[in-house]
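Everything on this sheet refers to the single structure shown next.
Every read-out reported here was derived from the displayed coordinates using simple, explicitly stated rules and does not represent laboratory data. All values derive from a computational prediction rather than experimental measurement. A quick note on method: Cβ atoms are made from the backbone with ideal geometry, for glycine too, and the neighbour counts reach across all protein chains shown.
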Amino acid sequence: MNTLTNQFELLETQDYTPQEKLCILRFSNMIAAADGKVHQGEIKFMVDLIEKLNLPISSPLDANSLSFEDVAQTIKRMTISKKNKAFLLFRKMIESDGEVHQREVKIFHRLKKVVDPNNLLSYK
């Protein structure tokens, strides 16, 4: 299982707005649900994410009202540094259950295509 202990050191250096935090949470949830099953590692990852972003417990409900397009537009407006760190987090979310599912990868690349059409991100 993958947790955010080390990964979140990256995000803590960024000053994400409340809307950006909700979009990160929402897209992480979209990744977790993409394969039709939410696994234990993904649940742990989401709980850690909510805690590390200092979001209220009601945040998943607020985030679920956001569409893919809402998320994409907010992330598109982020700085390159914020995007890099968010995409690294999304990649870790894909791996959080110990498997890489094709549907999770597909939604990841769909978002990347919208927010980074010129391939400027380097989130490795």
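Structural remarks
- Put simply, segment 40-100 fits an ellipsoid with semi-axes of 19, 17, 12 Å; these come from the alpha carbon gyration tensor as the roots of five times its eigenvalues, largest first.
- Full-extension gain in nm, residue 122 to residue 109, via 0.36 nm per residue minus C-alpha separation: 3.3 nm
- Order of 58, 96 - criterion: other Cβ atoms within 10 Å of each residue's Cβ, fewest first: 58, 96
- Mean-position separation - Cα centroids, segment 92-124 and segment 48-70, in angstrom: 19 Å
- From the coordinates shown, Cα Rg over 2.2 N^0.38 Å corresponds to which of (i) 1.54; (ii) 1.43; (iii) 0.95: (iii)
- Among 93, 78, sorting on how many other beta-carbon atoms sit within 10 Å of each Cβ, with the fewest leading, yields 78, 93.
- Each label was represented as a point 7 Å from its Cα along the Cα-to-Cβ direction; for residue 33 and residue 54 these points are 2.8 nm apart.
- Calculated FRET efficiency, residue 80 to residue 47, Cβ-Cβ distance, R0 = 30 Å: about 0.55 to the nearest 0.05.
- Among the listed pairs 21/82; 52/112; 37/85; 92/112; 37/82, a Cα-Cα separation exceeding 18 Å is found for 52/112; 37/85; 37/82.
- FRET efficiency for residue 73 and residue 99, using Cβ-Cβ distance with R0 set to 30 Å, rounded to 0.05: 0.50
- Taking other Cβ atoms within 10 Å as a rough exposure proxy, 100, 71 sort from fewest to most as 100, 71.
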